[in-house]
């Protein structure tokens, strides 16, 4: 088995553990100093700020699970090059407060060190995600903000 195929399996194991709510199993896939960064508007989603280490990542994942009752992923693309794995994911998160499903696409990049995830970088379609989380159109809010194009 190549390191690439092994690392792809490791990513899918982490995603499967997280999706079933087994945060400790997901964290066991990570180094103690795991570094997490997502490109999301932290003024609307403050829990999505940068995280360093298992304790901070656990806190983030616990916050996500406190807000959503069902989390599913589809991974139509996963590519590995040595210790780097890139995924294109479709996420489906069911909100606890309303039962509504938030659907979004994201690219997630993982870097491995000694067989464990040392770095996670997420790029999310945050415009669409924020509209779904807030359950309203945000285009008029942005347009009404009087953005200076100067």
Review point. How many of the residues in the range 74-124 are more than 17 Å from residue 27 (Cβ to Cβ) and within 14 Å of the chain's Cα centre (by Cα)?
Key: 20
Exercise for review: Check the range 124-132 and report whether any residue there is surrounded by fewer than 18 Cβ atoms within 10 Å (Cβ to Cβ), part of a strand (DSSP E or B) and either out of contact with any strand residue (DSSP E or B) (no Cβ under 7 Å at 6 or more places or on another chain) or modelled with pLDDT of 95 or more (or both).
Suggested key: no
Practice item. Quick one: which residue in 64, 108 is modelled with pLDDT of 85 or more and within 17 Å of residue 20 (Cα to Cα)? Key: 64
Exercise for review: Would you please name the residue that is modelled with the lowest pLDDT, looking only at residues in the range 18-44 that are under 12 Å from the mean Cα position of the chain (by Cα) and either crowded, with 19+ Cβ neighbours inside 10 Å or part of a helix (DSSP H, G or I) (or both)?
Suggested key: 40
Point to revise | So residue 15, is it outside any strand (DSSP E or B) and in contact (Cβ under 8 Å) with a residue 12 or more places away in the chain | key: yes
Review point. What single numbered condition from (1) under 22 Å from residue 34 (Cα atoms); (2) modelled with pLDDT under 95 fails to hold for residue 116?
Key: (2)
Check your understanding: Only one residue in 57, 89 is buried (at least 18 other Cβ atoms within 10 Å of the Cβ), in a helix (DSSP H, G or I) and either at pLDDT 90 or above or touching a helix residue (DSSP H, G or I) at 6+ places or on another chain (Cβ under 6 Å) (or both), so which one is that?
Key -> 57
Review point. In the list 150, 99, which residue meets the criterion of being outside any strand (DSSP E or B), at pLDDT 90 or above and exposed (fewer than 15 other Cβ atoms within 10 Å of the Cβ)?
Key: 99
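The values are calculated or read from the model by the stated rules, or taken from the named source; none is laboratory data. Quick caveat: nothing in here was measured; it's all calculated off a predicted structure. Neighbour counts are summed over all protein chains in view; Cβ atoms, including those assigned to glycine, are modelled from backbone coordinates with ideal geometry.
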